[in-house]
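Derivation of every value follows stated rules applied to the coordinates shown; laboratory data play no part. Just so it is clear, the model here is predicted, and its values are computed rather than measured. For neighbour counting, all protein chains shown are included, and Cβ atoms are generated from backbone atoms with ideal geometry for every residue, glycine included.
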Amino acid sequence: DVSVTDDRTNVLLVDSHPRWEFRYLRNLFYGRDKSVHLQEYLIHPDTIAGQPEVKLPPASTSRKFGDSESGSYPKDRSEWRKFDVIIIGDLNSDELPDPVVEEIRYCVEERGALLVVIAGPEAMPHKIRNETLRRMLPIVYTPSEKDYRLPPEAEYNFSLTPSGRGHQVMTQSSSSSENESIWQDLPVFGWRYPVDGVKPGAEVLAYAVPVRADNASLAQLAVR
């Protein structure tokens, strides 16, 4: 049996500043595929000196397709529950208050929404102490106010785990050997957050391997 639907996937993308990760995902989801309805919320957007501030409406799935820029989180649970995917970036506790975390928990645990969390040097996840959000993350870490702008090594490459080699998230080619080559030939990376470990049930897809080093250290890329 084949079931065909024209329902849209409603995606909420939130970040503190328009960093590279936010811009990439915004361009990826905005307008290319009409089956994806994007709502984006930048807590600290870039501004132009001398120009008046534009007041934007809260994120909502009921807005017209293409009106993606939002001025706040969804206004209530009836709006939150309509999102299928929630992506949060480098947010601190002030930008991710407890009531918002509770709405995210409801969407994930009660409605089955997909939660994607992207690490960042400012706060995510090391400055997050909210236990509700910490329970939803697949990693184990020690909350800290330390500055994580300096990575644990100068450069590193990704090395796929056995699970990662066959996982859809890491598939760049239908050929397993070609897929492995693509990952090996990627340019080196220069920043990551060093977690303490992963929780039972988490699936590690790749390790960070320091350039010109033999010992692999756990990367931030893990999914539950």
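Structure notes:
- Site pair ARG165 and PHE189 shows an inter-label distance of 2.0 nm when each label is modelled 7 Å from Cα along Cα→Cβ.
- Between GLU203 and GLU102, the simple label model (points 7 Å from Cα in the Cβ direction) yields a spacing of 3.3 nm.
- The spacing between the stretch 93-109 and the stretch 149-211, judged by their C-alpha centroids, is 28 Å.
- Secondary-structure-derived ellipticity at 222 nm for the chain, considering helices only, amounts to -4500 deg cm²/dmol, per-run term -39500 (n - 2.57) for DSSP H runs with n ≥ 4.
- The chain - Rg over Rh from alpha carbon coordinates, Kirkwood radius: 0.97
- Extension gain, HIS17 to ARG111: 0.36 nm times the residue separation minus the Cα-Cα distance gives 31.0 nm.
- Overall, the anisotropy analysis places the stretch 26-132 in the oblate class: the square-rooted eigenvalues a ≥ b ≥ c of its C-alpha gyration tensor yield a/c not less than 1.5, with a/b not exceeding b/c.
- Segment SER174-SER93, length gained on full extension (0.36 nm per residue, minus Cα span): 25.1 nm
- Restricting the GluC sites (Glu not before Pro) of the stretch 29-75 to loop positions (DSSP other than H, G, I, E, B) with no more than 15 neighbouring Cβ atoms within 10 Å leaves GLU53.
- Number of Lys pairs (Cα under 30 Å; 8 or more positions apart or on different chains) in the chain: 16
- A dipole drawn for the chain from +1 and -1 charges on Cβ atoms has a positive end, and of ILE118, ALA59, ILE182 the residue lying farthest that way is ALA59.
- DSSP assigns beta bridges within the chain; of those with both partners inside it, close to 40 percent run antiparallel.
- Cleavage-rule hits, trypsin sites (Lys or Arg not before Pro), the stretch 1-88, DSSP coil, Cβ neighbours within 10 Å at most 14: ARG32, LYS34, LYS55, LYS64, LYS75
- Using θ = phi - 60° and Karplus 6.51 cos²θ - 1.76 cosθ + 1.60, couplings along the stretch 16-30 (whole Hz; Gly, Pro as x): 6, 10, x, 6, 4, 4, 5, 4, 4, 5, 4, 5, 5, 8, 7
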